[in-house]
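The structure under discussion appears below in the form of structure tokens.
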2 protein chains.
Amino acid sequence: MDWVIFAILLAACFGAGSTGGLFPPGPWYRTLNKPVWTPPDWLFPVAWTTLYICMAAAGALVAGQPGADVALALWGLQIALNGLWTPVFFGLRRIRLGMGVLAALWLAVAATLVALWQLDWRAGALFVPYLAWVSVAGALNLSVWRLNPDEAANPPEMAR
Amino acid sequence: MDWVIFAILLAACFGAGSTGGLFPPGPWYRTLNKPVWTPPDWLFPVAWTTLYICMAAAGALVAGQPGADVALALWGLQIALNGLWTPVFFGLRRIRLGMGVLAALWLAVAATLVALWQLDWRAGALFVPYLAWVSVAGALNLSVWRLNPDEAANPPEMAR
């Protein structure tokens, strides 16, 4: 485990994750129809903090191994997409575009998981909860789309 | 030059860069007082597209070399921060917080440049225009802050 890599990747996670604090759910999200299994608001930061530590540890575990470059490049791709969903969904309130971002994120996370697993199964395993959480987020986003068709079809203009 | 890495990193760039299209400058930005040397709007996407290709090429050049892991981890950090500025500045219109994001991005880009240069001076050189552009963006953000003190002190609430 390379602690310098761990620290760098954890900083990247919290950079992407800062969008969660900058674009909070707010009253708009509370008025949306949501499925009964929607996780409570407090669970999101707890889950993400745990996942960030796992994600940084996964990258740090494989660092230095031959062939780690593809895994680390994919890691960079997934973190770039990770920070995109919150501004799109909570900032722009574009529910359908949020679904597109989550689909791209899911694919990037799955590809990173596979690349990590080929180097060290423990690193791949550390990405499993992340893929599961992104799957839940995707199901939630899809469900919000279906339950709020008018809102999804007519995203509000940002105050300009 | 590893073309798989190049494609992955370029995808990460355009993931982060999509915030430029999602949070465009708009009327608010046009009403701000700006310095006389402010680059024209059309130059931003042209500059960023060029920089993205250089950034992806820089990472792809060093991939596979021993010690490339730190450079690629720093590359991941800088792309996570890269996608943050536009939603903060044009989305939230938080001029001072945008300055903080740019300062963190500048440090991450400078660190990546140094790590790349130690592996291959050409890879480091490909990051020089990027660091220069982030410096210009920082100077512009700072100048906008100074020229619009009321706007900087009282960021508008997002429509909720």
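General observations
- A straight chain from B:TYR29 to B:ARG96 at 0.36 nm per residue would run longer than the Cα-Cα distance by 22.7 nm.
- Accessible surface for B:GLU151 stands near 60 Å², nearest 10, in the context of the full protein assembly shown (1.4 Å probe).
- All-pairs alpha carbon distance profile, chain A, 10 Å steps from 0, percent: 11, 40, 30, 15, 4, 0
- Under a model in which nothing but the beta-carbon of Lys, Arg (+1) and Asp, Glu (-1) is charged, segment A:41-160 shows a dipole of about 140 debye around its Cα centre.
- Spread over its residues, the convex hull of the C-alpha atoms of the protein assembly as shown is 121 Å³ per residue.
- Accessible-area value, B:ARG122, 1.4 Å probe, nucleic acids and ligands omitted, Å²: 120
- Centroid-to-centroid separation of segment A:94-160 and segment A:13-66 [C-alpha atoms, Å]: 11
- Dipole of chain B, positive direction: furthest Cα of B:ALA153, B:ALA103, B:LEU92, with charges on the beta-carbon: B:ALA153
- Cβ charges +1 (Lys, Arg) and -1 (Asp, Glu), total dipole of the protein assembly as shown, debye: 740
- Only DSSP H runs of four or more residues enter the estimate; each adds -39500 (n - 2.57), and after division by the residues of chain B the mean residue ellipticity at 222 nm equals -24000 deg cm²/dmol.
- Between B:SER135 and B:ALA7, the simple spin-label model (points 7 angstrom out along Cα→Cβ) gives 3.6 nm.
- Using alpha-carbon coordinates, inclination of helix A:3-22 to the longest axis of chain A, degrees: 0
- Take A:TRP37, push a point 7 Å out from Cα through the beta-carbon direction, and compare it with the same point in every other copy: 5.7 nm, smallest first.
- Spin-label pair A:PHE44/B:THR38, simplified geometry with 7 Å Cα→Cβ offset, distance in nm: 3.3
- In chain A, the longest principal axis of the Cα atoms and the axis of helix A:43-62 are about 30 degrees apart.
- Surface accessible to a 1.4 Å probe, B:LEU107 within the full protein complex, Å²: 110
- Taking Cα atoms only, the orientation of helix A:95-119 departs from the longest principal axis of chain A by about 10 degrees.
The values are calculated or read from the model by the stated rules, or taken from the named source; none is laboratory data. Only a predicted model underlies this, so the values are computations on that prediction, with no experimental measurement involved. Every residue, glycine among them, receives a Cβ derived from its backbone with ideal geometry; neighbour counts consider all protein chains shown. Surface areas here come from the heavy atoms of the whole protein model, side chains and all, with no ligands, DNA or RNA. Shrake-Rupley method; radii C 1.70, N 1.55, O 1.52, S 1.80 Å.
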